[in-house]
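K.L.:
What follows is a single structure, and I will ask about it in a moment.
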């Protein structure tokens, strides 16, 4: 309703209110002809415009052309009609592939999912029956999704049974963690799943090969991320020497050898025989011609002097 119509209706209501009976007085019947004239006037003021319900001619032409393609395909087996239908419904494949790809790892390419789904679309076009009360989009969506999932399962090197066990173990772990407020043990998980502990450990052994990632895959972002770190950059090589550790070990060895040289002759002999030659205190005592207790005292005194000198050197 426009502003002009609202103002006119308000004015009319004020006019009617002026002729209304006072409070407590029974109103008299109004003139029917006057009421009809007023109603007609008010209706012309506040009548809402009619909403057109006629479809656009372009929409009707597109629907008719699409129906004609289905007729040519089903009745005549026209290859051109089949190709045009595939091109017409190709965006549906991309939409379904996008929904499926939301729950997949980032390593799965969207283009691969679309190519898998195209086979499902072609199969849906071949098997769709136009006389059924089912929209083709609903029928084709399930066929496209099924084709994508079937292809992903065919490419998976892990059996479906192992995937099912992995989901069961994850679910049991999450339920116990929420209940116990801590990480559950293997025995608790096995008891919760009602399986022997040996079977649970066998499942863990099978699951060790489930999660496999490429070494060149970037962590925490896509391939376009500048300065991304790949998985291979985070792996350590136990065979290579740590430069800082090597320098520190060499410095410690030099300071220790210099501190040993500053010991007395008998204390130096005790340290060398005990730590480098592997002799016991009794054997060292027989070599030096003293008792084992005396060798123990000399060893203790040598350790105190070495510790004080290395502490003074900052080691």
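K.L.:
For the stretch 130-145: of the residues being over 21 Å from the mean Cα position of the chain (by Cα) and in contact (Cβ under 8 Å) with a residue 12 or more places away in the chain, which is farthest from residue 91 (Cα to Cα)? Can you show your working first?
P.N.:
First, the residues of the stretch 130-145 that are over 21 Å from the mean Cα position of the chain (by Cα): 130-144.
Subsequent filtering for residues that are in contact (Cβ under 8 Å) with a residue 12 or more places away in the chain retains 130, 136-137, 139-141, 143-144.
Working: 130: 21, 136: 14, 137: 11, 139: 15, 140: 12, 141: 11, 143: 15, 144: 12 Å.
The residue in question is 130.
K.L.:
Now, a different point. Given (1) under 22 Å from the mean Cα position of the chain (by Cα); (2) under 30 Å from residue 69 (Cα atoms); (3) in contact (Cβ under 8 Å) with a residue 40 or more places away in the chain, identify the lone condition not met by residue 108.
P.N.:
(2)
K.L.:
Turning to a different aspect of this structure: Only one of (1) surrounded by 17 or more Cβ atoms within 10 Å (Cβ to Cβ); (2) not assigned by TED's automatic domain parsing to the domain that holds residue 65 is not met by residue 164, so which one is it?
P.N.:
Answer for residue 164: the failing condition is (1).
K.L.:
Of everything in the stretch 146-182 that's within 22 Å of the chain's Cα centre (by Cα) and in a loop (DSSP other than H, G, I, E, B), which residue is nearest to residue 113 (Cα to Cα)?
P.N.:
So, considering only residues that are within 22 Å of the chain's Cα centre (by Cα) and in a loop (DSSP other than H, G, I, E, B), the one nearest to residue 113 (Cα to Cα) is 156.
K.L.:
Additional query: Which of the residues spanning the stretch 86-105 are loosely packed, with under 13 Cβ neighbours inside 10 Å and part of a loop (DSSP other than H, G, I, E, B)?
P.N.:
Result: 102, 103, 105.
K.L.:
Of the numbered conditions (1) modelled with pLDDT under 90; (2) in contact with a helix residue (DSSP H, G or I) (Cβ under 7 Å, 6 or more places away or on another chain); (3) in a helix (DSSP H, G or I), residue 108 fails exactly one; give the number of that condition.
P.N.:
Among (1) modelled with pLDDT under 90; (2) in contact with a helix residue (DSSP H, G or I) (Cβ under 7 Å, 6 or more places away or on another chain); (3) in a helix (DSSP H, G or I), residue 108 violates only (3).
The values are calculated or read from the model by the stated rules, or taken from the named source; none is laboratory data. Treat the numbers as computed from the prediction; the structure is a model and nothing was measured. Methodologically, a virtual Cβ is constructed for each residue, glycine included, from the backbone with ideal geometry; neighbour enumeration extends over all protein chains shown.
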